[in-house]
Amino acid sequence: MGYPDNPKMVISAVVLYLLLLSHQTVSEEQVQRYIIREKGENAVIQCLDQPVNASSLLYRWKKDGTVVAAPNPLKPSEHLSISNNGSLWISGLQSTDEGQYECESQTTNDSSWQTLSNTLLRVSEGPTSVSLAVKPATLLPNGTLYVRQGLDVYFYCSSESFPSQNLTWTVEDVALDVYERASGNKSSLDFSIRNIQPSDQGMYTCTSQNTLSKTTVNKSQELLVYYAPERHPECSWEILNEPFDVLFICKWHGGYPVPTLDWHGVLEENVIAKGPTINSTSQETECLEIHVNRLILHDVKEVKCVGHHVTGVEKNCSFELKRPYPLGDPLVTALEGSNITLSCIETDSLPPAKTVWKQKDNKIINTTSKYIVYDNNPNYKLLIINVTKEDEGAYYCYSENPLDARALEVFLTVKTSAGNGGAVVGVFVSILIMMIGVTVGVTVYSKRDRICIGLGFSHLDDDRWDVLSLVDSDEEEIFHDTVPQLPPLTNGHATTLVEVHRIPSSDHEDNADSTDQQTHTEPVQQSADS
């Protein structure tokens, strides 16, 4: 007998033979079947290897060697029943139904029972009652949970399964990346995140899988991490329909979710405007803008923007509103034919006032060949070229902001050249007054000793001198006796007797005989300042 030339055909034939042999062996050995059903379901266990004339057979079923279903029972069971083809029907599986089931058959002419099939029934349950908890967390109306940044957050999951289960915590972050956080095979599973951050927010899922049936149940919970902006709100303003209307702008950056912003008038504590927020430039800028005018701000001294965040953080910014108050020299004099500059300064107003120069007819002065207006905030100047008598009068430095309007009146006086004489007289009088003052000062300074001892200004010219009696003497005599003190005179001044002796000289010898040697004693009045 020849063999095929193709090796592949030989291999196929061998494999087919082995399969046929294997099938025959399985049938002969009646290898048990293995089925898994869920608790509470209805299960059907078929009776295999039935003979051709199966309709003439009787069937019964054993569980773990004990007959649990037989033909023509005296008391039919609603839980277990045998169908016409010999299959076992189990209604509402219970955990106690789990076990080894044998299908046996019997012919009407034979009293022996033949085993046709052997089936292992496993009953699984669950996962059921899957629950999870995140603490501490706050539930939003839409079912989402949120926590505040920086807290320690605990995650807990549990479920029930028979005979056992596997639990797994996974998280899907904002980038849609899924990664495992924890796993275990007990009835519950928990883990924690210390100092939770915005990067930890996402969809957290607890997965429970029955180890027998591989049935899987998932339960998910979205978790958000809220955080307030670190900085205070920023307050600013923009003048719109100047100078009557102003736009107040309040921005509070860097928080999640967006805050609630309110504008308040501080003194009255009335809410000028309330959020929600207006994303005016981008999604990262939370901004509340309000348009107010003088009617709203008339009595408001300060405005404040208050930011409220859902995490409980409250911060604010404010600025004080000030009315304009221009300052400057109210009187200005100029010579006819010259140029004159009128000036004012305005630094107090907030929001900054718009300042212009006006004439007495309330007409705004603009730059022309006659006038040049300089607007160098906060300095405002008006240059009048070639001043004439017609330019004389009142000019107004007018400042206005959304709170109020005020004007500084500057009066310009124009003098002609004929009026210069008055200026010269004024200068002369000024110099004369200055010279008189200098003279009086010098006199007072030179007589300061008399003034200091109490004589006052009335005795500055009262010069009193001591009266001395001079006595000529031919002999040199020195007077050593004590000079007697005379009683005080009626004018209050002390009087002292003084004698003065003159030493004779050759020039006086000729007249010595004709002159008697006398000693004249006269009182000397000594002034109080000696």
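The table that follows gives values for the structure above.
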| item | result |
| --- | --- |
| Single unsatisfied condition, A175 versus (1) surrounded by fewer than 15 Cβ atoms within 10 Å (Cβ to Cβ); (2) part of a strand (DSSP E or B) | (2) |
| Residue match in region 111-129 (condition: part of a strand (DSSP E or B) and within 26 Å of Q201 (Cα to Cα)) | yes |
| Where a residue in region 169-194 is over 18 Å from K219 (Cβ atoms) and touching a residue at least 40 places away in the same chain (Cβ under 8 Å) and its partner, wherever it lies, is surrounded by 13 or more Cβ atoms within 10 Å (Cβ to Cβ) and among the aliphatic types (A, V, I, L, M), with Cβ under 8 Å and at least six apart | S192/V153; I193/V153 |
| Unmet criterion (only one of (1) open to solvent by less than 50 Å² (accessible area, probe 1.4 Å); (2) without any contact (Cβ under 8 Å) to a residue 40 or more places away in the chain; (3) over 30 Å from V310 (Cβ atoms); (4) among the charged types (D, E, K, R)) for D110 | (1) |
| Near pairs, Cβ below 8 angstrom, 6+ apart or cross-chain, from region 146-163 (in contact (Cβ under 8 Å) with a residue 24 or more places away in the chain) to any residue that is of a type in the set (K, R) and open to solvent by 60 Å² or more (accessible area, probe 1.4 Å) | D152/R194; V153/K135; Y154/K135; F155/R181; Y156/K135; C157/K219; F162/K39 |
| Condition check for G255: in contact with a His (Cβ under 6 Å, 6 or more places away or on another chain) and either farther than 24 Å from P136 by Cβ or surrounded by 14 or more Cβ atoms within 10 Å (Cβ to Cβ) (or both) | yes |
| Residues (in contact with an Asp or Glu (Cβ under 6 Å, 6 or more places away or on another chain) and surrounded by 17 or more Cβ atoms within 10 Å (Cβ to Cβ)) located in region 401-416 | L412, V414 |
| Search result, residues across region 332-365 that are under 25 Å from W237 (Cα atoms) and open to solvent by 60 Å² or more (accessible area, probe 1.4 Å) | I345, T347, D348, P352, K354 |
| Residue among L223, L247 that alone is open to solvent by less than 70 Å² (accessible area, probe 1.4 Å), touching a Phe, Trp or Tyr at 6+ places or on another chain (Cβ under 6 Å) and not β-branched (V, I, T) | L223 |
| Cβ pairs under 6 Å, 6+ apart, first in region 433-448 and open to solvent by 60 Å² or more (accessible area, probe 1.4 Å), second not small (G, A, S) | K447/L460 |
| Qualifying positions in region 94-107 - surrounded by 12 or more Cβ atoms within 10 Å (Cβ to Cβ) and at negative phi | Q94, D97, E98, Q100, Y101, E102, C103, E104, S105, Q106, T107 |
| In region 130-152, the residues that are farther than 30 Å from G40 by Cα and part of a strand (DSSP E or B) | V134, K135, T138, L139, L145, Y146, V147, R148 |
| Condition met for D329 (assigned to a loop (DSSP other than H, G, I, E, B), touching a strand residue (DSSP E or B) at 6+ places or on another chain (Cβ under 9 Å) and open to solvent by 20 Å² or more (accessible area, probe 1.4 Å)) | yes |
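The values are calculated or read from the model by the stated rules, or taken from the named source; none is laboratory data. Bear in mind the structure is a predicted one, so any value in this text is a computation, not a measurement. Ideal geometry is used to build each Cβ from the backbone, glycine not excepted, and the neighbour counts take in all protein chains shown. What goes into the accessible areas is simple: the full protein's heavy atoms, side chains included, and nothing from ligands, DNA or RNA. Shrake-Rupley method; radii C 1.70, N 1.55, O 1.52, S 1.80 Å.
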